[in-house]
Amino acid sequence: MNGRIFRDSLREYLRNSGYSQQELADAIGLHPKVLSRKLHSNGNAHLTQLEVKRIITKLAEWYAIPTRDEVLSLFELAQVGPISFSTDEWQTPPLSQFTTEHAQSILSNGSSAPMRSQRHNLPAPTTGLI
């Protein structure tokens, strides 16, 4: 795994969405220190394919990943083997929120420059400002 790039990307997604690495660890069922060791590849600790899928699914659920292209980019950065979501997984929430048009062209081209959109975790206002 290109640990540093994957770890930095993960931190950026979490920071932009307002979640912490500890919240992610709790959500995917890992102790926060274990997730940290795996992200830093300390000792023999490495993320498994299932853990990478859980991380990406949770980021999608939290709307931390805005596009399917970025999901595919994270898969490439993780480099834990041939992992992907099945067609059924792509068609069920939270992954079904992504559009597939641009992602299909990426699968055929093999390269992309993901576009980022800023997300926030502020609640929608219940009344107008004025």
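Roughly how much of Val34 is accessible, in Å² to the nearest 10, using a 1.4 Å probe?
40
In what order, largest first, do Ser41, Ser84 sit by accessible area if the probe radius is 1.4 Å?
Ranked from most to least accessible, the order is Ser84, Ser41.
Using a simple spin-label model with points 7 Å from Cα along the Cα→Cβ vector, what separation in nm is obtained for Ile5 and His40?
In this crude spin-label approximation the distance works out to 2.2 nm.
Near Lys38, which aspartates and glutamates are there with a Cα under 18 Å away, not counting those fewer than 8 places off in the same chain?
Asp8, Glu12, Glu23, Asp26, Glu51, Glu76
Need one number: nm distance between label points at Ser96 and Asp26, each 7 Å from Cα along Cα→Cβ, rounded to one decimal.
Spacing of the two 7 Å Cα→Cβ label points: 2.9 nm.
How much accessible surface does Leu74 have with a 1.4 Å probe, in Å² rounded to 10?
Here the residue's solvent-accessible area equals roughly 0 Å².
Note down the relative contact order for region 1-73 as a percent, whole number, built from C-alpha pairs under 8 angstrom at least six residues apart.
Averaging sequence separation for qualifying contacts and normalising by length gives 33 percent for region 1-73.
Going by Cα centres, region 48-73 and region 10-47 are how many Å apart?
Between the Cα centres of region 48-73 and region 10-47 lies a distance of 13 Å.
How far apart, in nm, are the 7 Å Cα→Cβ label points at Gln49 and Lys33?
3.1
The values are calculated or read from the model by the stated rules, or taken from the named source; none is laboratory data. Quick caveat, the model's predicted, so the values are computed rather than measured. Cβ: placed from backbone, ideal geometry, glycine included. Neighbour counts: every protein chain shown. Accessible surface is based on the protein model in full, side chains and every heavy atom, while ligands, DNA and RNA are left aside. Shrake-Rupley method; radii C 1.70, N 1.55, O 1.52, S 1.80 Å.
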